[in-house]
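These notes are about the structure you will find just below.
The values are calculated or read from the model by the stated rules, or taken from the named source; none is laboratory data. The model shown is predicted, which means the values in this text are computed figures rather than measured ones. No Cβ is skipped: glycine too gets one built from the backbone with ideal geometry, and neighbour counts run over all protein chains shown. Calculation scope for accessible area: heavy atoms of the full protein, side chains included, ligands and nucleic acids excluded. Shrake-Rupley method; radii C 1.70, N 1.55, O 1.52, S 1.80 Å.
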Amino acid sequence: MIEVICNDRLGKKIRVKCLEDDTIGDFKKLVASQIGTAPEKITLFSYTTFKDHITLADYEIHNGMSLEL
């Protein structure tokens, strides 16, 4: 279980607990449940825009990392 920090760039940061084997699509659903936005409207990026079918481990997202919405 890892914890990833998501910043919406409007001053709100949330912490999301997930597995490294979760896909970006699954992660978006977890984020959406916390911020109240539809998962289809969420775009995650850090150094690149993430695709929904690839896992967090494939993008080398680890415990404590920060992503932008």
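Brief remarks follow.
- Residues being within 13 Å of residue 4 (Cα to Cα), assigned to a loop (DSSP other than H, G, I, E, B) and at pLDDT below 95 - total across the range 21-55: 2
- Flag for residue 62 being part of a loop (DSSP other than H, G, I, E, B) and without any contact (Cβ under 8 Å) to a residue 60 or more places away in the chain: no
- When the range 1-25 is filtered for residues that are under 9 Å from residue 55 (Cα atoms) and in contact with a strand residue (DSSP E or B) (Cβ under 9 Å, 6 or more places away or on another chain), the ones remaining, listed by number, are 20, 21, 22, 23, 24.
- Answer residue from the range 1-12, given it is of a type outside the set (A, V, I, L, M, F, W, C) and part of a loop (DSSP other than H, G, I, E, B) and is least open to solvent (accessible area, probe 1.4 Å) among those: 8
- Extreme residue, most open to solvent (accessible area, probe 1.4 Å), among residues of the range 13-40 that are free of Cβ contacts under 8 Å to residues at least 12 places away in the same chain and within 11 Å of the chain's Cα centre (by Cα): 29
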